[in-house]
Amino acid sequence: MVEKKKRKAPKERSERRFVPEATHTSRMAAGIGMAGSLALGAGVFGQWMKDPPMSYAAGLVTLGAAGLGAGLWLGTASTFPVRVGDAGVAIERGSEMSRVLWCEMTEIKLEKGDLVVRAPSISLAIPLGAHPRAVAYIVAEGERRLPKIVKVDDAGKRSIPIATQPGGEEVPVAGDQVAGRRCAATDKIISFERDARLCANCAQVYYKDNVPRECLTCGAEIVGRTVQA
């Protein structure tokens, strides 16, 4: 009696989730917050502690409160978690996920302290100060998967901290919608995720019956090496 070969379980796509460095605060946010605090303190003193109250104290309170709030907002605006892995690069904003797949990227470049990941439809800016490990991992993964899109020169690479460990927490890919994308080989719309096969290297999508020998985007050999969505 011939035993049937057991099917291998499909490989689960994963990525690393990086939270911001706790010590990072932008200079602008700190400056605005400090100015707001000073104005608020002066306004409180002039409005409720000085007799008679100063005529412009109420304005200082309003201005100071607004400045303090803006400083706090700016200080947390760049502290969103970043995901890097099989499905490209993503930024978590609460329950929303902004994602750029490797196959969609046109450029990875350092600009004014941010690592910018560009695609035709969206660009993501990851601050180096808040996410040094994520930035280093994005550059390393970009050079491994699609080296032609990485436009970081030697001076830029020296500004990125070298990590002996990739860091972050390994988690399953989340928020990557495959249904609705088009097969890169036939331009056919993928209606159901079960019909999609993805290039393990760049996440390009193909209809299950039209998988080429090599990925049309990154050139990686994909016959027998695709992953399911």
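At-a-glance table
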quantity	calculated
Considering residues of region 116-136 that are in contact (Cβ under 8 Å) with a residue 40 or more places away in the chain and within 16 Å of GLU15 (Cβ to Cβ) only, the residue surrounded by the fewest Cβ atoms within 10 Å (Cβ to Cβ)	ARG133
Unmet criterion (only one of (1) assigned to a loop (DSSP other than H, G, I, E, B); (2) at pLDDT 95 or above) for GLY175	(2)
Residue within region 165-174 that is touching a helix residue (DSSP H, G or I) at 6+ places or on another chain (Cβ under 6 Å) and within 13 Å of PHE18 (Cβ to Cβ) present	yes
Tally, over region 204-229, of residues that are in contact (Cβ under 8 Å) with a residue 12 or more places away in the chain, within 28 Å of TYR137 (Cα to Cα) and out of contact with any strand residue (DSSP E or B) (no Cβ under 6 Å at 6 or more places or on another chain)	10
Some residue of region 137-158 being touching a residue at least 40 places away in the same chain (Cβ under 8 Å), crowded, with 21+ Cβ neighbours inside 10 Å, more than 19 Å from the chain's Cα centre (by Cα) and outside any strand (DSSP E or B)	no
Those residues of region 56-99 which are at pLDDT below 70, farther than 22 Å from PRO166 by Cβ and polar (S, T, N, Q), in sequence order	THR76
Test: SER191 is of a type in the set (S, T, N, Q) and without any contact (Cβ under 8 Å) to a residue 24 or more places away in the chain	yes
Residue satisfying condition, being of a type in the set (Asp, Glu) and under 21 Å from ARG182 (Cβ atoms), within set GLU96, GLU104, GLU111, GLU92	GLU104
Candidates ALA200, ALA185 - the one that is without any contact (Cβ under 8 Å) to a residue 40 or more places away in the chain, in contact with a strand residue (DSSP E or B) (Cβ under 8 Å, 6 or more places away or on another chain), part of a loop (DSSP other than H, G, I, E, B) and not assigned by TED's automatic domain parsing to the domain that holds GLU96	ALA185
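The values are calculated or read from the model by the stated rules, or taken from the named source; none is laboratory data. Since this is a predicted model, take the numbers as computed values, not measurements. Ideal geometry is used to build each Cβ from the backbone, glycine not excepted, and the neighbour counts take in all protein chains shown.
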